[in-house]
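Visitor: Here it is, the structure, as structure tokens.
The values are calculated or read from the model by the stated rules, or taken from the named source; none is laboratory data. Nothing here was measured: the structure is a model prediction, and the numbers come from that model. Note: ideal-geometry Cβ built from the backbone for every residue, glycine included; neighbour counts use all protein chains shown. We work out accessible area using only protein heavy atoms, side chains counted, and drop any ligands, DNA or RNA first. Shrake-Rupley method; radii C 1.70, N 1.55, O 1.52, S 1.80 Å.
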Amino acid sequence: MKYLAEFSDPVLAKKLVDQIHATVTKPWAMMEVCGGQTHTIVRHGIDQLLPDGVEMIHGPGCPVCVTPLEIIDKALEIASQPGVVFCSFGDMLRVPGSGRDLFRIKSEGGDVRVVYSPLDALRIAKENPDREVVFFGIGFETTAPPNAMTVYQARKQDIANFSLLVSHVRVPPAISAIMESPNCRVQAFLAAGHVCSVMGVSEYPPLAAKYQVPIVVTGFEPLDILAGILRTVTQLERGEHVVENAYRRAVTDEGNTAAQAMLSDVFETTDRAWRGIGMIPRSGWRLSERYRAYDAEYRFQVRDIDTEESKVCRSGEVLQGHIKPHECEAFGTLCTPRNPLGATMVSSEGACAAYYLYRRLQTPEVVSSVG
Amino acid sequence: MEIREEDGTRMGMVDFGGVLKDVCLAYLPDLEVGEYTIVHVGFALQRLDEESARQSLALYRQLGALEEEFGDHWGLAAQQAGERRPPGTEETMT
């Protein structure tokens, strides 16, 4: 596909790596926010090409990983109810709740369906007026506009048997939470390009100024990541902390204003718990008052529910960049993509899954010496 | 790619390198046939700007002017990490 091969060009990658080496004079730790970027970094060994002491810390930008256990348990509860068609993206089906997952519900006779788009769930609702169709609406600023549009369409077309179980999260409050964490080692951020495609870049300059960290909007191909790192270390070496856009082909300053308008119509900000991290103030979206009739939590009365986290899984520490995946005792033994204990091993964007896919045959010593 | 209205919503057929998908275009009301777009969960969220892509690549190419001076850090880094170079890079390094 056009511009995919070009942004993976090894000759240009080498030039960028050389330039990074020529720029760096001391150790730096920077966080790539998005799980998609983590996969590019681990898959192509980009972290291993960096100068000694320059560390990539993997961020919490995997929507499946940070969806709180409480919401998973609510999904399981709703999907078990008779007459319900529960629709979800495929990643969510194997995420463990307190003891079971959506696949288990499906195997026990629940009508759980994987869809490609939330509009598919709305179509299922139209075709099955005698069933309650629920869509599992999770994700960051990239997934929220599609889900917002789907609820808007349900209301506009008067499709009453559709509802959304919603647990959307926003990146900027997460950056604040990471910078205010007592163990924070992050000195700069590669911001998630696709989130910025929607939201633009206006939320970031106040964060860069407040925490004195460079924030570079970065894409997802190897050259995008390397260019983001180059701009970041250049700023760090100069003592600067501004927002730069290294993904101009997809990110404009203002973002997608049509999507932003729909978001502010359908959703309102709310405090949200992130799995493994905890409550982050104003970090989430929920349906606004005028769309409350489409909120599955109200429709199915699952607002109060007890949860139980795995005692072994350390995905919360992975999500906060405190440990690397292989430093968890369960990694690759008790916990594998086939039998995941935590969401970071389940999701295609999870850091544990990335390490399992691309690094598990290496000894931990080798990985940690460059990580 | 083709564009049409469905239930009052702008929809279009998008070619993902040979795989065709029906995509909602409501958030890009001025996207035209022949343009490139970022699609997420069945929605076009932003157009890809070819001119910016070309400028970025041109900028990276210019970095080569400094290459002789700084040597083969790619190979050095891979060596220090005890790693082979990533697949596909070996032949370009010699």
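Visitor: Consider the stretch A:134-147. How many of its residues are farther than 17 Å from A:G36 by Cα and out of contact with any Lys or Arg (no Cβ under 9 Å at 6 or more places or on another chain)?
Guide: Final tally of qualifying residues: 6.
Visitor: Report the residue count in the stretch B:1-39 for those that are assigned to a strand (DSSP E or B) and either in contact with a Gly (Cβ under 6 Å, 6 or more places away or on another chain) or surrounded by 12 or more Cβ atoms within 10 Å (Cβ to Cβ) (or both). Step through it out loud before you land on a result.
Guide: Step one: filter the stretch B:1-39 for residues assigned to a strand (DSSP E or B), giving B:2-6, B:9-16, B:19-24, B:36-39.
From the residues that got through so far, the ones that are either in contact with a Gly (Cβ under 6 Å, 6 or more places away or on another chain) or surrounded by 12 or more Cβ atoms within 10 Å (Cβ to Cβ) (or both) too are B:3, B:9-14, B:21-24, B:36-39.
Final tally of qualifying residues: 15.
Visitor: For residues that are of a type in the set (S, T, Y) and open to solvent by less than 20 Å² (accessible area, probe 1.4 Å), tally how many sit in the stretch A:1-39. Write out each step before concluding.
Guide: Let us first name the residues in the stretch A:1-39 that are of a type in the set (S, T, Y), namely A:3, A:8, A:23, A:25, A:38.
Narrowing the set further to residues that are open to solvent by less than 20 Å² (accessible area, probe 1.4 Å) leaves A:38.
Total satisfying the criteria: 1.
Visitor: What number of residues within the stretch A:305-336 satisfy the criterion of being hydroxyl-bearing (S, T, Y) and surrounded by 23 or more Cβ atoms within 10 Å (Cβ to Cβ)?
Guide: As a first pass, look at the stretch A:305-336 and keep what is hydroxyl-bearing (S, T, Y): A:307, A:310, A:315, A:333, A:336.
Still in the running and surrounded by 23 or more Cβ atoms within 10 Å (Cβ to Cβ): A:315.
So the count comes out to 1.
Visitor: So in the stretch A:116-156, with the set limited to residues that are touching a residue at least 40 places away in the same chain (Cβ under 8 Å) and assigned to a strand (DSSP E or B), which one is most open to solvent (accessible area, probe 1.4 Å)?
Guide: Among residues in the stretch A:116-156 that are touching a residue at least 40 places away in the same chain (Cβ under 8 Å) and assigned to a strand (DSSP E or B), the one most open to solvent (accessible area, probe 1.4 Å) is A:E132.
Visitor: Residues of the stretch A:125-153 being of a type outside the set (V, I, T) and away from chain B (no Cβ under 11 Å), which ones? Don't jump to the end; show me each part of the working.
Guide: Step one: filter the stretch A:125-153 for residues of a type outside the set (V, I, T), giving A:125-132, A:135-137, A:139-141, A:144-149, A:152-153.
If the condition is that a residue be of a type outside the set (V, I, T) and away from chain B (no Cβ under 11 Å), then A:A125, A:E127, A:N128, A:P129, A:D130, A:R131, A:E132, A:F136 are the ones that fit.
Visitor: Please determine, by comparing only the residues of the stretch A:196-212 that are free of Cβ contacts under 8 Å to residues at least 40 places away in the same chain and not in a helix (DSSP H, G or I), which one is farthest from A:T23 (Cα to Cα).
Guide: Step one: list which residues in the stretch A:196-212 are free of Cβ contacts under 8 Å to residues at least 40 places away in the same chain, which gives A:203-212.
With the extra rule that they be not in a helix (DSSP H, G or I), the set shrinks to A:203-204, A:212.
On the way: A:E203: 28, A:Y204: 24, A:Q212: 20 Å.
Residue satisfying both the conditions and the ranking: A:E203.
Visitor: How many residues does the stretch A:185-238 hold that are charged (D, E, K, R) and more than 22 Å from B:S52 (Cα to Cα)?
Guide: Going residue by residue through the stretch A:185-238, those that are charged (D, E, K, R) are A:185, A:203, A:210, A:221, A:224, A:231, A:237-238.
Of the ones still in play, those that are also more than 22 Å from B:S52 (Cα to Cα) are A:185, A:203, A:210, A:237-238.
Summing the residues that are charged (D, E, K, R) and more than 22 Å from B:S52 (Cα to Cα) in the stretch A:185-238 gives 5.
Visitor: Answer yes if at least one residue in the stretch A:213-222 is within 14 Å of chain B (Cβ to nearest Cβ) and free of Cβ contacts under 8 Å to residues at least 60 places away in the same chain, and no otherwise. Explain how you work it out, then say what you get.
Guide: Taking the stretch A:213-222 and keeping what is within 14 Å of chain B (Cβ to nearest Cβ), we get A:216-222.
Of the ones still in play, those that are also free of Cβ contacts under 8 Å to residues at least 60 places away in the same chain are A:216-217.
Yes: one or more hits.
Visitor: What tally of residues in the stretch A:157-178 results from selecting those that are touching an Asp or Glu at 6+ places or on another chain (Cβ under 8 Å) and without any contact (Cβ under 8 Å) to a residue 60 or more places away in the chain?
Guide: Selection size over the stretch A:157-178: 3.
Visitor: Sticking with this structure for a sec: Scanning for something of a type in the set (G, A, S), in contact (Cβ under 8 Å) with a residue 40 or more places away in the chain and either surrounded by 23 or more Cβ atoms within 10 Å (Cβ to Cβ) or in a helix (DSSP H, G or I) (or both), does the stretch A:91-113 turn up at least one residue?
Guide: Here is the first cut: in the stretch A:91-113, the ones of a type in the set (G, A, S) are A:97-99, A:107, A:109-110.
Going one step further and asking which of them are in contact (Cβ under 8 Å) with a residue 40 or more places away in the chain, we end up with A:97-99.
So of that shortlist, the ones also either surrounded by 23 or more Cβ atoms within 10 Å (Cβ to Cβ) or in a helix (DSSP H, G or I) (or both) come out as none.
No - not one qualifying residue is present in the stretch A:91-113.
Visitor: Mind checking which residues of the stretch A:225-241 are surrounded by fewer than 24 Cβ atoms within 10 Å (Cβ to Cβ) and either in contact with a Phe, Trp or Tyr (Cβ under 9 Å, 6 or more places away or on another chain) or modelled with pLDDT under 95 (or both)?
Guide: Listed by number, the residues that qualify are A:L236, A:E237, A:H241.
Visitor: Next up: Failed condition for A:E240, given (1) touching a Lys or Arg at 6+ places or on another chain (Cβ under 8 Å); (2) within 22 Å of A:P214 (Cβ to Cβ); (3) acidic (D, E), with all others met?
Guide: Evaluating A:E240 over (1) touching a Lys or Arg at 6+ places or on another chain (Cβ under 8 Å); (2) within 22 Å of A:P214 (Cβ to Cβ); (3) acidic (D, E) leaves (1) as the failure.
Visitor: The conditions are (1) among the small types (G, A, S); (2) within 11 Å of another protein chain (Cβ to nearest Cβ); (3) in contact with a Phe, Trp or Tyr (Cβ under 6 Å, 6 or more places away or on another chain), and A:S8 fails exactly one of them. Which is it?
Guide: (3)
Visitor: Still on this model: Mind listing whichever residues of the stretch B:40-54 are open to solvent by less than 60 Å² (accessible area, probe 1.4 Å) and either under 12 Å from the mean Cα position of the chain (by Cα) or charged (D, E, K, R) (or both)?
Guide: B:L48, B:E50, B:S52, B:A53
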